[in-house]
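Everything on this sheet refers to the single structure shown next.
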Amino acid sequence: MVNWSGLADEITAWIGDYAESNGISTLVIGVSGGIDSAVTSTLSARTGLSTIVLNMPIHQDPEQYELSNRHISWLESNFDNVEGRLVDLTGTYNTFTDEMAEHDLSPLALANSRARLRMTTLYAVAGSTGGIVVGTGNKVEDFGVGFFTKYGDGGVDISPIANLMKSEVYAVATALGIVQEIQDAAPTDGLWNDGRTDEEQIGATYAELEWAMGHEENPSDEELTERQKQVLEIYRGFNKANSHKMNPIPVFKNKHRQ
């Protein structure tokens with residue numbers, strides 16, 4: 001049986017060791033109000049390093065906005081090294097969309113632009129504080145279905161929970177005492193005005209995606225149900241379509257160089 005508190009300690013030590021060996025003095029994390037960023041920011045805060053956590057709303061669903069603020073307040077009340085910041089990017093995003101109006105951007109392109117504005121903000125803060133941007137993606141998102149924005153929430157310096165399945169993130173969250181409302185909230189990327197959930201976008205739950213990821217890594221001969229077949233099709237579709245995010249950038253190799 002996994003000791004989830006012990007695993008949390010190991011990840012915190014890993015973050016601290018990386019920072020020390022690379023001369024890093026500050027950790028910068030975007031806090032969305034979701035479970036992944038809550039766990040990552042808490043693990044970071046436990047290092048004792050200066051930890052800056054940002055709530056960066058862009059036409060945000062009120063519930064997501066409040067959950068983010070609640071988590072930041074919880075961090076500040078439990079860790080003296082945590083500084084919470086609010087950077088409302090709604091006006092910046094509105095200006096961007098106004099300037100790009102004539103280019104007829106798709107809804108998905110606009111959603112991804114939100115994530116990239118947040119990435120720019122995180123790196124501006126990190127670059128001004130001797131810090132690094134700490135990623136919040138889990139294994140299913142980062143290496144299974146590629147459910148992240150390229151050069152948005154995928155633009156980070158280290159990824160402490162990218163080898164944890166979503167269910168494992170929840171287990172660590174319980175061990176850390178993360179605000180229960182955050183643990184209970186439906187996962188969402190927070191990039192849409194209607195507050196749509198990850199499950200609504202993907203068409204499968206994280207538990208189903210974990211099963212599909214495990215099945216692909218270790219196929220079994222057991223007969224699959226119709227739903228399992230559907231989930232595998234969904235998983236494989238996202239994995240193929242988003243492979244460009246999860247694989248290294250292709251580089252032309254010059255064979256003529258002496």
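At what distance in angstrom do the alpha carbon centres of segment 157-226 and segment 77-122 lie from each other? Cα centroid of segment 157-226 versus Cα centroid of segment 77-122: 24 Å apart. Dipole magnitude for segment 166-258: about 1000 debye, using +1 per Lys or Arg Cβ and -1 per Asp or Glu Cβ, origin at the Cα centre.
The ellipsoid that matches the Cα gyration tensor of segment 154-258 has semi-axes, each √(5λ) in whole angstrom, of 29, 22, 16, with the longest given first.
For a 19 Å ceiling on Cα separation, which of these pairs sit above it: Lys166/Lys229; Lys139/Lys166; Lys150/Lys253?
Lys166/Lys229; Lys150/Lys253
Running a GNM on the chain with Cα contacts under 10 Å, which residue among Ala126, Ala186, Ala212 ends up with the highest mean-square fluctuation? Checking each option, the largest mean-square fluctuation is seen for Ala186. With the simple spin-label model, which puts each label point 7 Å out from Cα in the Cβ direction, the Val251 to Glu216 separation comes to 2.6 nm.
For the chain, the Cα-based Rg and Dmax, in that order, read 19.0, 61 Å. What net charge is computed for the residues neighbouring Asn112, neighbours being all others with C-beta under 13 Å from the C-beta of Asn112, Lys and Arg scored +1, Asp and Glu -1? Spelling it out: positives minus negatives among the neighbours equals +3.
With a sphere of radius 14 Å drawn around the Cβ of Leu43, what net charge do the other residues whose Cβ falls strictly inside it have (Lys, Arg +1; Asp, Glu -1)? Overall, the nearby charge balance is -4.
Please list, by residue number, everything in segment 41-65 whose backbone N is under 18 Å from a paramagnetic label point 7 Å out along Cα→Cβ of Asn3. The answer is none, because no backbone nitrogen lies closer than 18 Å to the label point. Here the Gaussian network model covers the chain, with springs between Cα atoms less than 10 Å apart; of Ile161, Ile24, Ile72, Ile24 fluctuates the most.
According to the Kirkwood relation over distinct C-alpha pairs, the hydrodynamic radius of segment 200-254 is 12.8 Å.
Between Arg85 and Leu110, the modelled labels are 2.8 nm apart [label points 7 Å from Cα along Cα→Cβ]. Counting Lys and Arg as +1 and Asp and Glu as -1 over every other residue whose Cβ lies under 9 Å from the Cβ of Leu54, the net charge comes to +2. I'd like the FRET efficiency for Asn69 and Ser21, computed as 1/(1 + (r/R0)^6) with the beta carbon distance as r and R0 of 35 Å, rounded to 0.05. After rounding, the FRET efficiency stands at 0.55.
Report, in deg cm²/dmol and to the nearest 500, the calculated mean residue ellipticity at 222 nm for the chain, where each DSSP H run with n ≥ 4 adds -39500 (n - 2.57) and the sum is divided by the residue count. Show your work: numbers first, answer last.
On the way: 11 runs with 131 residues, N = 258.
After summing the helix terms and dividing by residue count, I get -15500 deg cm²/dmol.
Taking the chain as a Gaussian network of alpha-carbon nodes connected by springs under 10 Å, the highest mean-square fluctuation of the residues Tyr18, Tyr93, Tyr123 belongs to Tyr18.
Taking the charge dipole of segment 211-258 about its Cα centre, with +1 at Lys and Arg Cβ atoms and -1 at Asp and Glu Cβ atoms, the residue from Ser220, His256, His244 reaching farthest to the positive side is His256.
Taken together, the values in this text are just the output of simple stated rules run on the coordinates, not laboratory data. Keep in mind that this is a model prediction, so the values were computed, not measured. Cβ coordinates were reconstructed from backbone atoms using ideal geometry, including for glycine residues, and neighbour counts include every protein chain displayed.
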